[in-house]
Amino acid sequence: MTAAERPILPKLVGERIKRREDPRLITGHATYVDDLKLPGLLHLAFKRSDSAHGVIKNIDTSAAEQMPGVELVMTGKQLAEILGPMPIGTPFPSPDHYAIATDRVRYVGEPVAVVVAADRYLARDAADAIEVDIEELPAVVDPEKAMQGEPAAVHEGFENNLAVPYVPGGTGVDPATMEVDNSALDKAFAEADVNISQRMTNQRLAPNAMEPRGVVAHWEPGKEQITIWSGTQNPHILKTMIAAQLGVGQHQVRAIAPEVGGGFGCKINIYGEEYTAAAISRKLGAPVKWIEDRSEAFMATTHGRDILAYVDLAAKRDGTVTALKLRLIADVGAYNMLLTAAVPTLTMLMLNGTYDIPVVRAELTEVFTNKTPTDAYRGAGRPEATYFVERAFDMLAHELGMDPADVRRKNFIKKDAFPYTTQMGAIYDSGDYETALDRALQNAGWEQLKQERDQARAEGRIVGLGLAYYVEVCGLGPSASLPTGGWEHAGVTIERDGRITATTGSSPHGQGNETTFAQMLAEQFGVAFDDVTILHGDTGVVKQGIGTFGSRSQAVGGTVLMNAGEKVKKKMAKFAAAMLDANEDDLVFENGMISVKGSPGSGKTFAEVASFAYVPVPLPPGVEPGLSDEAFWEPENNTYPFGCHIVMMEIDRETGEPRLTKVVAVDDAGTIINPMIVDGQIHGGLAQGIGQAMIEEVVYDEDGQLVTGSFMDYAIPRADDLPWFEMDNTVTTTPVNPMGAKGVGEAGTLGSTPAVVNAAVDALSPFGVKHVDMMLRPEKLWRLMQGGGA
Amino acid sequence: MSEKATVSITVNGKVHEEEVEPRLLLVHFLREHLGLTGTHVGCDTSQCGACTVHIDGASAKSCTVFAAQADGSEVTTIEGVGSQDNLHPMQEGFWEEHGLQCGYCTPGMIMSAINLLNENPKPTEKEIREGIAGNLCRCTGYQHIVKAVQYAAEKGVVR
Ligand code: FES
Ligand code: FES
């Protein structure tokens, strides 16, 4: 084929390209952790505590040990001899936390023993045969009582159950000394025309990735190496932590995230079950597998959210907000996990919202209780901030009789004010909040919706409209802000046949990086999409990496991939220049060819140049053979995507059942690589955000028993719970990375939750309702309509 | 547990005779005994649909059926629906319309969706949403799944 005959390659970046990942997934040929089989594989099952809080008096493992097929039973004390307390990723003082409880249990579901058996059914039987004698202690369930030291201490040495006693931030707080000056705050509230004051909760949620957690660990004696497969969002962090916990070198650990069935933040943490599997595999010299049941997941996988706020807002009569103050109390459950303590600090960071508020103050306390530990859950801290701020703004609008859109518009940070440093210390990179607001109002038909609502009300129906605006911190983030390091890594190799193989440290679990990253590289090199392959998830293949969370894949992982590509491209140009007897700066890469600018027919194909680079006779001066390079990169700042979500709700007067009749989303994630994938990400986020507002809530009773321990008691949205989402976007690029991409993985959860609650409160406003806490249980709404409290 | 039962189950057109524990779930028979790991397990209370297969032509949650109960039945799993080179229109629809992200719910979702079209070849959006309401997906928000089913319905696939 001559150059002239070569097909013109289509544009890729910004296009709707079908996903590379899908063929294996839709035919049932993908390999998730539970699909792995190894010769001699043994199975683990954990015996878990039925008590929320108590002292372990005795564990009788004799019946379990005698069951045929059982290889090993270990209690927490026995395991502690080979496995120390688990590390965390935050700097706050933290109680020892063993993979299996040694002397005391602190939440329902905490492991007390582990069984190793020849098959999964046997392992379960044996775990059930273990007798545990626990002397009950009072369960600490209410975080505000816990802060008074009531009714018990979850950990010794943590007075009043304070995990993080007091962190102030914002106006009047000296970040170096943490000294607090209240004068500006007091003045603003004293001079305000209107004060809004409300206690709000952001309830506890169960992440519920559809694939439960799972791990296979294989220590190879003699080789003295371990391979660990885990459904994790960050295999490189897993590798680092496993090495540290086993006391071996990192070169002895290979971590693999195979196909991962969703994460949503709960697969960032490295869990006790992963350490236990690794330690037991080494002890037995045999591969072991553990797969979580869904009922276990409700107890043993980290929960999300669970933060309450006393919100105070001061404003002028014209709707100008002059001060915002939040007292935040986070119920973090029984232990600090990898990022537990850090999540609520992200809530603090984002309390300015999209508004130019001159005085913003937050005070945070984190409290231990006898519940499953919390950690990141889609949005991790930012949906909480958005919820509190957007509820407060709606309450203000209601108080002043203003349109909720107008109150927001009045206070927006103006388009020309970026970069904008907030009172909380965030530096917003770029934004055009009015344009996205206008687009959302227009797409929703806001004015008409208001008329429809009023009309419906006149007919006696209970209808409400809700709007919420969000800004998110994404693209995490400089190393100063991430204990793991805030960079990402990529490698790019041009194979001998001219195909491109790249590696990324951003290990996806549904985000489609194999596709989007291939779009970018193919366009960068001017080759066909099908000629680019993206490898990820295996620390034996991908040299370094951080992982996928905080909507960072595109903004950080994408940028570093382009940087690595650029290095290889430069080198490839040198080889091509030598072959074409041209200047390397005069070359163009397009349609699978490298040619001299202005004479496209004269070039060499990718395969020709690659083949020459690997057998370079003669080797061009100053060039090494081969075409492969790598890059590390970290951003100087985070990115701050934003958007506006609008919903309409009708509540059944007889039953209190709420139903969404309209969802409109306008999101701005900066540059978009694949709009189809971006829509999918936002759809999923919307569903989760709506789920939180309407149907999801982890409930504990006063004894610390988990009431919502299965899908029978904990609902996640089903297809018929949701209306059609009307999607649109604006594009405000970020200067933080050369692509201008901001990130989109979590965005959907931010605006939708407060928009739904705002709609519910609007619907119930004729009944005098000013606020309702999530979730919107029909019974609660019904009571409010009867004039009772929630 | 010791006394085993012999079952004969036709899976994707192939007869399998195996000795099984009476309590062995069909989903584990498929996954562990036959190595057909496309059928997934997402819960232990029969609510997520990740394990959906067809038994004698109708969709069923294979975590809720003992292998022994399927004795003599014809079972179709995702692996029997279509192959890489010969995708079933429903698989094609999921690919075309981005009906999946992590893919964990997908095999069960596809099996339910095929069943839906077998019963109702031209469903409305509402009927699609109700038809797949027994299958949980945490990633997609379902909208692209609805489109995937519409795509397959458009192609007029009943198989
Ligand atoms: S595995 Fe959840 S319904 Fe079968
Ligand atoms: S695609 Fe992940 S659960 Fe449906």
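The values are calculated or read from the model by the stated rules, or taken from the named source; none is laboratory data. The structure presented is a predicted model; accordingly, all values stated were derived computationally and were not measured. Positions of Cβ are backbone-derived with ideal geometry, glycine not excepted, and every protein chain shown enters the neighbour counts. Side chains are part of the model used for accessible areas, which takes the heavy atoms of the whole protein and leaves out ligands, DNA and RNA. Shrake-Rupley method; radii C 1.70, N 1.55, O 1.52, S 1.80 Å.
Tabulated data for the structure shown
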{"item": "Boolean, A:Pro658 is more than 14 Å from chain B (Cβ to nearest Cβ) and closer than 21 Å to A:Ala444 by Cα", "result": "yes"}
{"item": "Conditions (1) open to solvent by 30 Å² or more (accessible area, probe 1.4 Å); (2) at pLDDT 95 or above; number of the one not met by A:Ala101", "result": "(1)"}
{"item": "Members of the stretch B:1-27 found to be under 14 Å from the mean Cα position of the chain (by Cα) and within 15 Å of ligand 1 (Cβ to nearest atom), listed by number", "result": "B:Leu26, B:Val27"}
{"item": "Any hit, the stretch A:45-67, residues being open to solvent by 30 Å² or more (accessible area, probe 1.4 Å) and within 14 Å of chain B (Cβ to nearest Cβ)", "result": "yes"}
{"item": "Search result, residues across the stretch B:19-42 that are open to solvent by less than 40 Å² (accessible area, probe 1.4 Å) and touching a residue at least 40 places away in the same chain (Cβ under 8 Å)", "result": "B:Val20, B:Leu24, B:Leu26, B:Phe29, B:Leu30, B:Leu36, B:Gly38, B:Thr39, B:His40, B:Gly42"}
{"item": "Qualifying residue in the stretch B:55-76 (condition: within 14 Å of ligand 2 (Cβ to nearest atom), of a type in the set (Gly, Ala, Ser) and modelled with pLDDT of 95 or more)", "result": "no"}
{"item": "Residue in the stretch A:447-454 that is among the polar types (S, T, N, Q) and surrounded by 14 or more Cβ atoms within 10 Å (Cβ to Cβ) present", "result": "no"}
{"item": "Count of the stretch A:734-790 residues which are among the charged types (D, E, K, R) and either outside any helix (DSSP H, G or I) or touching a strand residue (DSSP E or B) at 6+ places or on another chain (Cβ under 6 Å) (or both)", "result": "6"}
{"item": "Residue match in the stretch A:57-78 (condition: in contact (Cβ under 8 Å) with a residue 12 or more places away in the chain and in contact with a Lys or Arg (Cβ under 6 Å, 6 or more places away or on another chain))", "result": "no"}
{"item": "Unmet requirement for B:Val75, which otherwise passes all of (1) free of Cβ contacts under 8 Å to residues at least 60 places away in the same chain; (2) among the β-branched types (Val, Ile, Thr); (3) more than 7 Å from chain A (Cβ to nearest Cβ)", "result": "(1)"}
{"item": "Tally of residues being touching a Gly at 6+ places or on another chain (Cβ under 9 Å), more than 10 Å from chain A (Cβ to nearest Cβ) and not polar (S, T, N, Q) across the stretch B:36-62", "result": "4"}
{"item": "Selection within the stretch A:261-301 - outside any helix (DSSP H, G or I), more than 26 Å from A:Val707 (Cα to Cα) and out of contact with any Ser or Thr (no Cβ under 7 Å at 6 or more places or on another chain)", "result": "A:Gly285, A:Ala286, A:Lys289"}
{"item": "Scope the stretch B:89-108; condition more than 8 Å from chain A (Cβ to nearest Cβ), open to solvent by less than 10 Å² (accessible area, probe 1.4 Å) and away from ligand 1 (no atom under 16 Å from the Cβ); matching residues", "result": "B:Met90, B:Gly93, B:Gly99"}
{"item": "A:Ala342 vs. criteria within 21 Å of A:Thr484 (Cα to Cα) and either open to solvent by 10 Å² or more (accessible area, probe 1.4 Å) or not in a loop (DSSP other than H, G, I, E, B) (or both)", "result": "yes"}
{"item": "Sole exception among (1) open to solvent by 10 Å² or more (accessible area, probe 1.4 Å); (2) within 14 Å of chain B (Cβ to nearest Cβ); (3) out of contact with any Phe, Trp or Tyr (no Cβ under 6 Å at 6 or more places or on another chain) for A:Gly709, by number", "result": "(3)"}
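One line per residue, one yes/no per condition, for (1) within 10 Å of another protein chain (Cβ to nearest Cβ); (2) touching a strand residue (DSSP E or B) at 6+ places or on another chain (Cβ under 6 Å); (3) outside any loop (DSSP other than H, G, I, E, B); (4) touching a residue at least 12 places away in the same chain (Cβ under 8 Å):
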| residue | (1), (2), (3), (4) |
| --- | --- |
| A:Val663 | yes, yes, yes, yes |
| A:Ile673 | no, no, no, yes |
| A:Gly685 | yes, no, yes, yes |
| A:Gln688 | yes, no, yes, yes |
| A:Glu696 | no, yes, no, yes |
